[in-house]
Amino acid sequence: MARSDSEFNPDLLLAHKLPETRSSYNERDVAIYALGIGACGQDAVDSDELKFVYHENGQEHIQVLPTFVSLFSLGSLTDGLDLPGFKYDPSLLLHGQQYIEVYRPLPSKASLINKVSLAGLQDKGKAAILEIETRSYEQGSDELLCMNRTTVFLRGAGGFSNSSKPFSYKNYPSNQGLAVKIPQTQPSSALLYRLSGDYNPLHSDPNVAKLAGFPRPILHGLCTLGFAIKAIIKCICKGDPSAVKTISGRFLATVFPGETLITEMWLQGLRVIYQTKVKERNKAVLSGYVDIRGLSSSL
Ligand SMILES: CCCCCCCCCCCCC/C=C/C(=O)SCCNC(=O)CCNC(=O)[C@H](O)C(C)(C)COP(=O)(O)OP(=O)(O)OC[C@H]1O[C@@H](n2cnc3c(N)ncnc32)[C@H](O)[C@@H]1OP(=O)(O)O
């Protein structure tokens, strides 16, 4: 892996105000996203999943999976990594965690205003951790639709503060039985998923992947998250995507397109604890929790 030639000035970085961004999506975007996380991947008429890609039974709108909102954080940094007090090699960046809150039913098309802020910065010695919060509103509405907190793990960028008291900032408070096999990812999964808007060549270009220290392109973290949460919606929420209130996930290890993902889940009250493993390597790659609004009485 190449050494990072990074420079951090936490005071400058945290004082920087990030601009609002605008974005929009339509039903085609919603369907392409669902296909990218494997909806109907094993069965084109899957009765639990057709509604995410097609107007099943004449339904008026395609239903939106809650992890779709993770795409709203992709354009958070309009100037890429060009931030004051921050110099970093983007090829060494890995997605560390994703936290999502969905406040209202998701429309199948919308124009959005995204308010972006830096929510955290930590010096972990060998790495720096940066957290970016994106609060999304429908244009013309004062009501918050959803919130994403994206944690990026910046390899080689730690050690910018006093090692006896490493820099740590966060602007928010810190907070059995069911197992399901998720259909395996496809060798082309990252190539399809990138069409939802994350064109980082780490996921498609073998040379870029090698420079970043991987034998071949790796799967987008948010694609793995989408697979896992879709399984929870199927198994626990009886197929109802609007039952999901909050999603939290930490990416523990890389996934290669084509590997089989198995998600185990445990229901504790209205919280689902989950862990996703790559079957071929018996390796945990993602863990976290999902808070749900309620369970239907027939469960
Ligand atoms: C300014 C730049 C921002 C740009 C942002 C743009 C907007 C948003 C876009 C976001 C998308 C970014 C691009 C997407 C890329 C991807 O999708 S990459 C694929 C998905 N991610 C992965 O595959 C990563 C898988 N995980 C790993 O490989 C490893 O877990 C790791 C991240 C390399 C860390 O492992 P390791 O170095 O062994 O760490 P540890 O020694 O275990 O721990 C050190 C400390 O770091 C904390 N930590 C560990 N893992 C994470 C994590 N995933 N997230 C957050 N924090 C982590 C850990 O707790 C340790 O801390 P302390 O306990 O305090 O010491």
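Pick out, from the range 55-167, the strands (runs of 3 or more DSSP E) lying fully within it that include 1 or more residues that are of a type in the set (Asp, Glu) and over 28 Å from ASN9 (Cβ atoms).
93-102, 127-138
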message: Filter the range 24-69 down to the residues that are surrounded by fewer than 20 Cβ atoms within 10 Å (Cβ to Cβ), small (Gly, Ala, Ser) and modelled with pLDDT under 95 and list them by number.
response: ALA44, SER47, GLY58
message: Report every pair of residues separated by at least 6 positions or lying on different chains whose Cβ atoms are under 8 Å apart, first residue within the range 72-91 and modelled with pLDDT of 85 or more, second of a type in the set (Val, Ile, Thr).
response: PHE72/THR134; SER73/ILE132; SER73/THR134; SER73/THR150; SER91/VAL208
- request: Please note which strands (runs of 3 or more DSSP E) are completely contained in the range 193-299 and include at least 2 residues that are modelled with pLDDT under 95 and more than 19 Å from the chain's Cα centre (by Cα).
  value: 261-268
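Considering only the range 73-105, state which residues are closer than 17 Å to LYS245 by Cβ and under 16 Å from the mean Cα position of the chain (by Cα). Talk me through it step by step, then tell me what you get.
Of the range 73-105, the ones closer than 17 Å to LYS245 by Cβ are 98-105.
Result: GLN98, TYR99, ILE100, GLU101, VAL102.
Rundown of residues vs (1) within 16 Å of the ligand (Cβ to nearest atom); (2) more than 26 Å from GLN42 (Cα to Cα), yes/no style:
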| position | (1), (2) |
| --- | --- |
| GLY197 | yes, no |
| VAL272 | no, no |
| LYS277 | yes, no |
| ARG281 | yes, no |
| TYR289 | yes, no |
| GLY294 | no, yes |
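Using the structure shown, decide if ASN207 is under 28 Å from LEU93 (Cα atoms), away from the ligand (no atom under 11 Å from the Cβ) and surrounded by fewer than 22 Cβ atoms within 10 Å (Cβ to Cβ). Lay out the reasoning, then the answer.
Working: under 28 Å from LEU93 (Cα atoms): yes; away from the ligand (no atom under 11 Å from the Cβ): yes; surrounded by fewer than 22 Cβ atoms within 10 Å (Cβ to Cβ): yes.
So ASN207 passes the test.
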- prompt: Of all residues in the range 83-122, which are out of contact with any strand residue (DSSP E or B) (no Cβ under 7 Å at 6 or more places or on another chain), within 12 Å of the ligand (Cβ to nearest atom) and not small (Gly, Ala, Ser)?
  reply: LEU83, PRO84, ASP89, PRO90
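The values are calculated or read from the model by the stated rules, or taken from the named source; none is laboratory data. These numbers come from a predicted model, not from an experiment. Neighbour counts are summed over all protein chains in view; Cβ atoms, including those assigned to glycine, are modelled from backbone coordinates with ideal geometry.
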